Structure formats: C-alpha cells, structure tokens
C-alpha cells in the first residue's frame, strides 16, 4: 500500500482518482480552498513554506495535475503552473518523495496534422491559450527537477476526457482508462526512459482505444502495462 497525495482536489478527475485508488492505497487530497465532503483532505496553497513540506512528508507518490482554473486571472493561472508546481517539487525533494506523476494534456500535441502518428518523441506545440500553455510550463518545471535526478517524474499526457456519455473525439479518454494509467504509473519501472535512455523524466501518451485514435499509446503499453479498454 502506497501513501499517495493528490492535488487539485476540487476537480472531477482528482475525486475519481481518489475514489478508485483508496481501496488499495492510503490517499490524501489537497487544494487551495476547502472541498466539501472530501475525506483525508488538507488545505494548502502550495506556497514556498513549511506547510508544503508538512503536506508532502511521508508520501510515496504525489499525483499533481497541470490543470488550472480558467476562472482565475491569467497571472494566477501562470502562478499555479510554475510557482506552485515548483514549490511542490522543491518540498518533495526536501522530503525525499521518490516519485511524482504529473498529469498533463495531449492538447499540447494538437498542433500536428491529424494524419501524423504522433509519439512521445515529438516536441510539444503548445498554443498561447493560457490553459494549454500552463500544461507546457508545468512540464518544464517537472523536467528540470527530473533532469537533476532530484526525483522521478512520470508525465502522463491525457486525452480529452469523456464524462457522462458525451461524444468521443479521436483523442478521447474515458475515466476508467485514466485511472488505469495512473494506477500503473504508481509502481512501474520506468528506468529505461521513454526515449530508450536512462532518465528520471518519462512521458507517456494516454488515450482510450476509440475509432481513428489520434495518438499512439504503444510506449505506455510497453513500459507501464497500460491497456485501454475496448470501446
């Protein structure tokens, strides 16, 4: 049983992950503001202070979302992507947390032609739209910590979520497949590196097996054991 800390507790994804992982792991949730009915919740703004260190101390894995609240000002969104992510990672390294799973987005790869077979070796092509750019900036912060081998980062670029039987796109991701990918990422041996080299920074594309699926998930299948359910 791992001790898992999940950020962005107010989001639907965080609540789903907490619910699905709680049966096998010790799960805690955190966010800047109180979350009604959230059990094992700690309020924390991820500042550069001892509160963040107290929050992460003893965790085996941190699941940190690159999602930002688009109702916030642009400045606050960028602060969440960079400063708060940096503070979290700094605290994690101070407290010797071995692994962080960063939940990014396949929207970073959306600028490529839909006919291209885009893999993890392709460079992100973020737009200047704030939410999209924030995922990119969050990845940069995580990658720098991993480059210095201060902790291991598994970056999951998630497809477009399908909630409540909404129409599925060619980059669709169903919640159960997302949970499956995260669960696999908790303990998978990713020391090979996503590009075939030894690395503490590993990127995996995660989407569901839908018709005309746009992004390849072969690397996640090989290294994480991720197998999306048939649709």
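The set of residues in region 170-193 being in contact with a strand residue (DSSP E or B) (Cβ under 7 Å, 6 or more places away or on another chain), modelled with pLDDT of 90 or more and either within 21 Å of residue 88 (Cα to Cα) or in a loop (DSSP other than H, G, I, E, B) (or both) consists of 171, 182, 185, 186.
For region 129-160, the candidate set comprises residues that are within 13 Å of residue 107 (Cβ to Cβ) and out of contact with any strand residue (DSSP E or B) (no Cβ under 9 Å at 6 or more places or on another chain); within that set, the residue that is surrounded by the most Cβ atoms within 10 Å (Cβ to Cβ) is 134. Just for region 128-153: of the residues that are touching a helix residue (DSSP H, G or I) at 6+ places or on another chain (Cβ under 7 Å) and assigned to a loop (DSSP other than H, G, I, E, B), which one is farthest from residue 64 (Cα to Cα)? Checking each candidate, the answer is 150.
Listed here are the strands (runs of 3 or more DSSP E) enclosed by region 14-71 that have at least 3 residues being at pLDDT 95 or above, surrounded by 17 or more Cβ atoms within 10 Å (Cβ to Cβ) and under 17 Å from the mean Cα position of the chain (by Cα): 26-31, 61-65.
Residue-level analysis places residue 118 among those that are closer than 30 Å to residue 212 by Cα, over 18 Å from the mean Cα position of the chain (by Cα) and surrounded by 17 or more Cβ atoms within 10 Å (Cβ to Cβ).
For residue 163, the criteria (1) surrounded by fewer than 18 Cβ atoms within 10 Å (Cβ to Cβ); (2) closer than 14 Å to residue 215 by Cβ; (3) in contact (Cβ under 8 Å) with a residue 60 or more places away in the chain; (4) in contact with a helix residue (DSSP H, G or I) (Cβ under 8 Å, 6 or more places away or on another chain) hold in every case but one, which is (2).
The values are calculated or read from the model by the stated rules, or taken from the named source; none is laboratory data. On a predicted model such as this, the values are computed, not experimentally measured, just so you know. All Cβ positions, glycine included, derive from the backbone under ideal geometry; neighbour counts span all protein chains shown.
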